[in-house]
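Inspection log for the structure reproduced underneath, given as C-alpha coordinates.
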Amino acid sequence: MDAREDIAKYEPVQPAAPLQREHLRRQRVDIMAKPNKEKKKKNAQLVLRLNKDLRDRFVEACQDLDTSAAREVRRFIKKFLKSYDAGEFDE
(Lines give C-alpha, C1' and ligand atoms only; values in the text may rest on other atoms or scores of the structure.)
Protein backbone atom coordinates (compact mmCIF):
# COMPACT_ATOMS: atom_id res chain seq x y z
CA MET A 1 0.00 0.00 0.00
CA ASP A 2 1.47 3.35 -0.98
CA ALA A 3 1.19 6.58 1.01
CA ARG A 4 -1.76 7.90 -1.02
CA GLU A 5 -3.86 4.83 -0.34
CA ASP A 6 -2.92 4.99 3.33
CA ILE A 7 -4.00 8.67 3.56
CA ALA A 8 -7.18 8.06 1.53
CA LYS A 9 -8.60 5.64 4.09
CA TYR A 10 -8.90 8.42 6.69
CA GLU A 11 -11.85 10.76 6.61
CA PRO A 12 -11.01 14.45 6.32
CA VAL A 13 -11.29 16.40 9.55
CA GLN A 14 -13.71 19.29 9.46
CA PRO A 15 -12.47 22.53 11.03
CA ALA A 16 -14.08 23.37 14.35
CA ALA A 17 -16.79 25.99 14.45
CA PRO A 18 -15.73 29.37 15.91
CA LEU A 19 -17.32 28.68 19.32
CA GLN A 20 -15.70 25.26 19.47
CA ARG A 21 -12.33 26.77 18.58
CA GLU A 22 -12.68 29.32 21.40
CA HIS A 23 -13.61 26.56 23.85
CA LEU A 24 -10.63 24.46 22.72
CA ARG A 25 -8.31 27.48 23.00
CA ARG A 26 -9.50 28.13 26.57
CA GLN A 27 -8.96 24.48 27.48
CA ARG A 28 -5.43 24.67 26.08
CA VAL A 29 -4.71 27.84 28.05
CA ASP A 30 -6.16 26.30 31.22
CA ILE A 31 -3.94 23.24 30.83
CA MET A 32 -0.88 25.42 30.32
CA ALA A 33 -1.64 27.62 33.34
CA LYS A 34 0.32 27.01 36.51
CA PRO A 35 -1.66 24.95 39.02
CA ASN A 36 -3.02 26.59 42.17
CA LYS A 37 -2.06 30.04 40.96
CA GLU A 38 -4.84 32.45 40.10
CA LYS A 39 -4.10 34.84 37.29
CA LYS A 40 -4.51 38.43 38.40
CA LYS A 41 -6.30 40.67 35.95
CA LYS A 42 -4.25 43.55 34.66
CA ASN A 43 -6.39 46.63 35.18
CA ALA A 44 -3.98 49.57 35.22
CA GLN A 45 -1.50 51.20 32.89
CA LEU A 46 1.85 52.89 33.38
CA VAL A 47 2.57 55.57 30.82
CA LEU A 48 6.14 56.78 30.47
CA ARG A 49 8.16 58.82 28.04
CA LEU A 50 11.50 57.65 26.73
CA ASN A 51 13.77 58.13 23.78
CA LYS A 52 12.43 56.48 20.60
CA ASP A 53 15.74 54.77 19.85
CA LEU A 54 15.89 53.34 23.36
CA ARG A 55 12.31 52.07 23.06
CA ASP A 56 12.95 50.55 19.64
CA ARG A 57 16.11 48.78 20.85
CA PHE A 58 14.23 47.43 23.88
CA VAL A 59 11.31 46.12 21.80
CA GLU A 60 13.71 44.54 19.30
CA ALA A 61 15.69 42.86 22.10
CA CYS A 62 12.46 41.49 23.57
CA GLN A 63 11.42 40.13 20.19
CA ASP A 64 14.82 38.46 19.81
CA LEU A 65 14.25 36.82 23.21
CA ASP A 66 10.70 35.79 22.22
CA THR A 67 9.05 37.87 24.92
CA SER A 68 7.12 41.13 25.01
CA ALA A 69 8.25 44.52 26.23
CA ALA A 70 5.27 44.68 28.60
CA ARG A 71 6.12 41.30 30.11
CA GLU A 72 9.71 42.38 30.74
CA VAL A 73 8.66 45.69 32.31
CA ARG A 74 6.23 43.81 34.60
CA ARG A 75 9.02 41.37 35.49
CA PHE A 76 11.35 44.28 36.33
CA ILE A 77 8.72 45.96 38.51
CA LYS A 78 8.04 42.74 40.45
CA LYS A 79 11.76 42.14 40.99
CA PHE A 80 12.30 45.77 42.04
CA LEU A 81 9.44 45.68 44.55
CA LYS A 82 10.67 42.38 45.98
CA SER A 83 14.09 43.98 46.60
CA TYR A 84 12.46 47.11 47.99
CA ASP A 85 10.27 45.10 50.38
CA ALA A 86 13.37 43.20 51.55
CA GLY A 87 14.96 46.52 52.54
CA GLU A 88 17.71 46.39 49.94
CA PHE A 89 17.36 50.12 49.24
CA ASP A 90 17.69 51.26 52.83
CA GLU A 91 20.74 53.35 53.62
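Against the conditions (1) over 18 Å from the mean Cα position of the chain (by Cα); (2) at pLDDT 80 or above, A70 satisfies every one except (1).
Take the conditions modelled with pLDDT of 95 or more and polar (S, T, N, Q) and apply them to Q45. Does it pass? Answer is no for this residue.
The values are calculated or read from the model by the stated rules, or taken from the named source; none is laboratory data. Quick caveat: nothing in here was measured; it's all calculated off a predicted structure.
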